[in-house]
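Engineer: One structure is given below, represented as C-alpha cells, and several questions about it will come after.
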Amino acid sequence: MSKSIISDMDGVIYRGSQLVDGAQDFVKRLIETNTKFLFLTNNSEQTPIDLRKKLEAKGIHGVKEENFITSAMATAIFLHDQHPGGTAYVIGGGGLISELYNAGFSLSESNPDYVVVGKTSSFNFEVMKKAVNLINKGAKFIGTNPDMTDPVEGGIEPACGSILAAIESATGKKPYIVGKPNSLMMTIATRKLGVHASETIMIGDRMDTDIVGGLEAGMTTCLVLSGVTQKEMIDTFPYRPTYIFNNVGEIYPDTL
C-alpha cells in the first residue's frame, strides 16, 4: 500500500512564480492513485484558498483546500488551545490574520496576550519598535516558522526567521516557533490525514525544517534539490534524509 504524502511547497512544487520540473506530473500521480496527501507549508501569508488558486494558475488542478496546512493554521490551533479568546498583535499577512480570527482571537495593539510574527513585506522600524515594547511589557513572543530565507526565482528573499531575529536581538527573548520543524505541526498533519507517522513520507527542500521535522516524527524523508538545500550542503548536517531526489517528478510513493 502506498504511503501517505506530506510535502512542502516553496522550493518543492514551485520556486517563485515558476513550477519545479516534474511537479505537475507528481501531483497528478497522487490524485490519480488516490494517495492521501497534504501540502504542509511554513508559508503564513496565504490561506488554503489562496494556495489552491495559486496552484491552479500554474496548471495544477484537482487539489482541494483540505489538502493544505499552513504554519498560520497551526499557530492559530496552538494559540486557541493555549488561550481561547485571546488577543494578539500580529506582524504578518492576511493568511495569518484570517486564521487567528477564525480561531476566536482578536487583534490588539494595547497589552495583547501575544505578539505573533509571520513573514511579511510590510515589516519596518515602527512595527519592530511596537513589537519590542509589547514583548518587554509581557506579551508572549510567537513565531509561525523559523525560515530565514525563502527560495524565489533567481535567488532568495528574507523570510519570517529574519524578522524574528531582529525582534529577538532587541528584546533578548526567544520566540516559541510553531511551524516546521516543530513536531506539533507534523502531529496536526498526520491527525488530519488519519495516518501514523510511520506510514507517511515527508518531502521537502530544507534539511533544517522539513527533513529534521519528518525524521524526528518518525517519517520516511525525501530531500529534493530544487530549493534551498544543495547536494554539497547535506554532509554539513548531523542527520541525513532517507532519500535524495533532484525534484518531486522523480518521486513515486508506491516504490518507497
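Engineer: What is the helix-to-structure angle for 160-171, meaning the angle in degrees between its Cα long axis and the longest Cα principal axis of the chain, kept from 0 to 90 and rounded to the nearest 10?
Structural biologist: Between the helix axis and the principal axis of the chain, the angle is about 30 degrees.
Engineer: Hey, what angle do you get for helix 71-82 against the long axis of the chain, alpha-carbon based, 0 to 90 degrees rounded to 10?
Structural biologist: That works out to roughly 50 degrees.
Engineer: Relative to the Cα centre, what is the charge dipole magnitude of the chain, using +1 at the beta carbon of each Lys and Arg, -1 at the beta carbon of each Asp and Glu, and rounding to the nearest 20 debye?
Structural biologist: Details: 23 positive and 29 negative charges, 94 e Å.
Here the size comes out at about 460 debye.
Engineer: Something else: Where both residues lie in the stretch 76-177, what percent of DSSP beta bridges are antiparallel, nearest 5? All intermediate terms of the calculation are to be shown ahead of the outcome.
Structural biologist: Numbers: 4 of 16 bridges.
If I count the DSSP bridges inside the stretch 76-177, around 25 percent turn out antiparallel.
Engineer: Only bridges whose two residues both fall in the chain count here: according to DSSP, what percent of them are antiparallel, nearest 5? List each step's numbers first, then the result.
Structural biologist: Values: 6 of 36 bridges.
Antiparallel bridges make up about 15 percent of those DSSP assigns within the chain.
Engineer: Pull up the cross-link candidates among the aspartates and glutamates for K58, meaning alpha carbon to alpha carbon under 17 Å and not fewer than 8 places away within one chain.
Structural biologist: Result set, ordered by chain and number: D8, D10, D21, D25, D50, E153.
Engineer: Right, something else. If you put +1 on each Lys and Arg Cβ and -1 on each Asp and Glu Cβ, how big is the dipole of the stretch 12-129 around its Cα centre, in Debye rounded to 20? Please report the intermediate quantities before stating the final value.
Structural biologist: Details: 11 positive and 13 negative charges, 81 e Å.
Here the stretch 12-129 has a charge dipole of around 380 debye.
Engineer: Also, quick follow-up: Using only Cα atoms and rounding to the nearest 10 degrees, what angle (0 to 90) does helix 183-193 make with the longest principal axis of the chain?
Structural biologist: Compared with the principal axis, the helix lies near 50 degrees.
Engineer: Can you flag which of K64/K231; K3/K64; K137/K174; K28/K231; K119/K192; K3/K119 are past 21 Å Cα-Cα? Could you put the intermediate results ahead of the total?
Structural biologist: Values: K64/K231 33 Å; K3/K64 19 Å; K137/K174 15 Å; K28/K231 27 Å; K119/K192 25 Å; K3/K119 32 Å.
Too far apart for the 21 Å limit: K64/K231; K28/K231; K119/K192; K3/K119.
Engineer: Ok, one more. Where does the charge balance sit around F237 when Lys and Arg score +1, Asp and Glu -1, over other residues with C-beta under 14 Å from its C-beta? Don't skip to the end; give the middle numbers.
Structural biologist: Working: positive: R206, K231, R240; negative: D205, D208, D210, E216, E232, D235.
Neighbourhood net charge equals -3.
Engineer: I'd like to compare 249-255, 185-191, 67-73: which one has the highest average count of other Cβ atoms within 10 Å, and what's the full order after that?
Structural biologist: Sorting 249-255, 185-191, 67-73 by mean packing, highest first, produces 67-73, 185-191, 249-255.
Throughout, read-outs are computed from the coordinates displayed, never taken from laboratory work. If you're wondering where the values come from, they're calculated on a predicted model, not measured in any experiment. Quick reminder, even Gly has a Cβ in these numbers, built from the backbone with ideal geometry, and neighbours come from all protein chains shown.
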